[in-house]
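The values are calculated or read from the model by the stated rules, or taken from the named source; none is laboratory data. Remember, predicted model here, so these are calculated numbers, not experimental data. Neighbour counts run over all protein chains shown; Cβ positions are idealised from the backbone, glycine included. Just so you know, the surface numbers come from the protein's heavy atoms only, side chains and all, with ligands and any DNA or RNA stripped out. Shrake-Rupley method; radii C 1.70, N 1.55, O 1.52, S 1.80 Å.
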Amino acid sequence: STPLANALGMARVGQVVDAIRAHPGYAALVAYLLAYFSWQAFRWLPGEQALAGDAAFLPISGASVYVAWLASRRTAASPRLRRAWLWFMAVVAVQFLGDVSQLVYEHATETVPYPGIWDLFYLGFYPLMLMAVVSFPSMRRSPRQALELALDCAIVGLGGGALFIFFVLGSEAVTGATPLEAAVTIAYPVGDMILLVALGAAVLGGPVPEVRNSLGWLIGGMAVFVLAD
């Protein structure tokens, strides 16, 4: 009957409202993703669309800084875990600063130099992210095991980065470029490969249960990050 259908409909609405109140962060993330992908489909944001697309990253970058800080507060009882989340807060903070500086420069001028000041922030992402990963609590490693991990990261990072440059970017990536331009171009894929090895080693090294899910999300996010690069 109509009254019963209305009652069921109100009950469902109430459940949705309760879920949003219990998990406002998830609700905000879903709303952001819906807005972003609808813009990708219909380009409804005003102004130059390239700038609008860059600006669309700022809310999620800023929110990530807050979430990492909140995680550090919630893990205050574990100094090592709190330190890891503070490192991760620094990671997303430099990404946010890089996005802001690039957006301001693109808005102010038509010619964007390469490399730019934002590349300092973006490249700073890699050592900070590495510190965040190795700071997560995991099984204690001996000095020999730590050295083996460092060598693995170096071999995969340098080898994988070189292969990426040769087969994907091609010789045009470095031919005719200044030494600084070539160094920055090569630094990105090398940093990506090193972080993937470090994340994989952190998971295989036996992380404590409290951080296993977090590391899984970080690996998934890093994989997407590498594909975007």
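Taking every protein chain into account, the 1.4 Å probe leaves H23 with about 100 Å² of accessible area, to the nearest ten. The distance separating the Cα centre of the range 18-64 from that of the range 97-129 comes to 21 Å. With the whole protein complex present, M222 retains an accessible surface near 10 Å², based on a 1.4 Å probe.
Our coupling estimate for the range 80-88, obtained by passing each phi through the Karplus curve with A = 6.51, B = -1.76, C = 1.60 and θ = phi - 60°, is 5, 5, 5, 5, 4, 5, 5, 4, 5 Hz, Gly and Pro reported as x. Considering only DSSP states other than H, G, I, E and B, which chymotrypsin sites (Phe, Trp or Tyr not before Pro) in the range 54-125 qualify as loop sites with at most 15 other Cβ atoms within 10 Å? In loop regions of the range 54-125 (DSSP not H, G, I, E or B), there are no sparsely surrounded chymotrypsin sites (Phe, Trp or Tyr not before Pro). Peptide packing: for 177-187, 33-43, the average count of neighbouring Cβ atoms within 10 Å per residue gives the ranking 177-187, 33-43, highest mean first. The value of relative contact order for the range 29-160, using C-alpha pairs under 8 Å at least six residues apart, is 23 percent. Sequentially through the range 112-118, phi angles give Karplus couplings (6.51, -1.76, 1.60; θ = phi - 60°) of 9, x, 9, x, x, 4, 5 Hz, Gly and Pro residues having no value and appearing as x. A 1.4 Å probe, protein heavy atoms only, puts the accessible area of Y114 near 100 Å².
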